[in-house]
Amino acid sequence: VHPGDVVTASNGKTIEINNTDAEGRLTLADALIYASNLKPKTIIDLATLTGACVVALGNDVAGMWSNDSKLAKELLDCASECGEGLWQMPLQKSYQDGLKSHIADLKNTGPRAGGSITAALFLEEFLDNNINWAHIDIAGTCWTDKNKGINPSGATGYGVRTLVKWIKSKERI
């Protein structure tokens, strides 16, 4: 893709490309559409979505956005119990203006300020409104330089413990 291109998501929404480095969210948008079509009660996605989240929270805490306060609390509790840093960020609706496009339904990135928030708002555009959703940005937490001898790749597997704990808590219900 090139700046100024307009692509169409699988649900028919058009997206103006204004940042070619934000291509992953295009794929994730289509994945959220696909998952929404399966009509689950809840969707949780983890992605290394934004450098802005790293700037905001550093390398030890992931950002989380959710359209459901109960789901957000459950995930925060599970992350805390597992020792994974997680911080709930706002889905500030006024920031949606930064995604407006003159040639498409929306742009793939908003302004620099609040970049991780506008990225989450972008993703939310591709969900069925009846689905509880949480997005966890693991850009800062997915790699580490610590313990290179044990894990030479540096990959942390961040979020897996939280999700397993959350899934197990649902099995008891």
- Note on the structure: Labelled set (i) 1, 8, 17, 20, 21, 15, 10, 6, 2, 0, 0; (ii) 1, 7, 13, 15, 14, 12, 10, 8, 6, 5, 4, 3, 2, 1, 1, 0, 0, 0; (iii) 1, 8, 16, 19, 18, 12, 8, 5, 5, 4, 3, 1, 0, 0; P(r) over Cα pairs in 5 Å bins from 0, in percent computed from this model equals the value at (i)
- In whole percent, what relative contact order does segment 75-128 give with Cα contacts below 8 Å and a gap of six or more residues? 28
- Task: Just add up the charged neighbours of Tyr158: K/R +1, D/E -1, any other residue whose Cβ is under 10 Å from the Cβ of Tyr158.
- Result: -1
- Message: Could you give the length gained by full extension between Ile103 and Ser169, i.e. 0.36 nm per residue of separation minus their alpha carbon distance, to one decimal place?
- Response: 19.3 nm
- Message: Quick check: from the Cα gyration tensor, does segment 1-93 come out rounded (a/c under 1.5), prolate or oblate?
- Response: oblate
- Task: With a 1.4 Å probe and every protein chain kept in, tell me what percent of the accessible surface of the chain is carbon plus sulfur.
- Result: 52
- Can you give the accessible area per residue of the chain, in Å², using a 1.4 Å probe? 55
- If contacts are Cα pairs under 8 angstrom and at least 6 residues apart, what is the relative contact order of segment 41-173 in percent? 39
- Sorting His102, His2, His135 by accessible area (1.4 Å probe), largest first, what list results? His102, His2, His135
- In the chain, lysine pairs 8 or more places apart or on different chains with C-alpha atoms under 24 Å apart total 25
- Of Trp143, Trp87, Trp133, the one that fluctuates the most in a GNM where the chain has Cα springs shorter than 10 Å: Trp143
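The values are calculated or read from the model by the stated rules, or taken from the named source; none is laboratory data. Here the structure is a predicted model, which means the values were calculated and not measured. A quick note on method: Cβ atoms are made from the backbone with ideal geometry, for glycine too, and the neighbour counts reach across all protein chains shown. Accessible surface areas use protein heavy atoms only, side chains included; no ligands, DNA or RNA. Shrake-Rupley method; radii C 1.70, N 1.55, O 1.52, S 1.80 Å.
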